[in-house]
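Read-outs throughout are calculated quantities, based only on the coordinates presented, and are distinct from any laboratory measurement. In this text, all values refer to a predicted model and were calculated from it rather than measured experimentally. Backbone-built Cβ (ideal geometry, glycine too); neighbour counts: all protein chains shown.
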Amino acid sequence: MSGKRTVKRFAVVGVVNTLLDTGLFMLLHGRLGVVGANFASTSTAMVFSFVVNGIFTFGAGRLTLRHAALFLATTGSTMWLVQPLVIDGLMAGLGPVLGGGEPVVLLTKLIAIGVSVLLNFAGYRWVVWPVRETAGAASDGRPEATVG
């Protein structure tokens, strides 16, 4: 699959995933706190992302236990470590300046998602579903990609 097409598909999946993650986070953060809500929302979004990115975006064909383990390591570290750190750090810095409240929580969550997008794409492309060219060619004449 071409690089541009992969990026476009990743973006489409990302928009849906972001809506799912952010919606659940905003719904839950008042009850569970930032860390609990982020864990619940990102865990739900991770399951969706694994299946749809694996098959639709990166053309895995089938999803393996190896893919799941690499995906969990890659995505888990960005969602469960990087995101809460970014959210907490930004809320500590922006909260007093902007007056806190729901808009600041939403803004910090969206910035944390932006950081995650960059880290996750790199991890998916080069670690979870790397493209390897084989001697054969795809039916459209492009080199065949295998997922490994």
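Structure data summary
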| item | result |
| --- | --- |
| For the chain, calculated [θ]222 nm from helices alone, where every DSSP H run of n ≥ 4 adds -39500 (n - 2.57) | -24000 deg cm²/dmol |
| Mean Cβ count within 10 Å, highest first, over the residues of peptides 101-110, 83-92 | 83-92, 101-110 |
| Dipole of the chain, positive end: most advanced residue of Leu119, Phe10, Leu72 [Cβ charges, Cα centre] | Phe10 |
| The chain, Rg to Rh (Cα coordinates; Rh as Kirkwood inverse mean 1/r) | 1.06 |
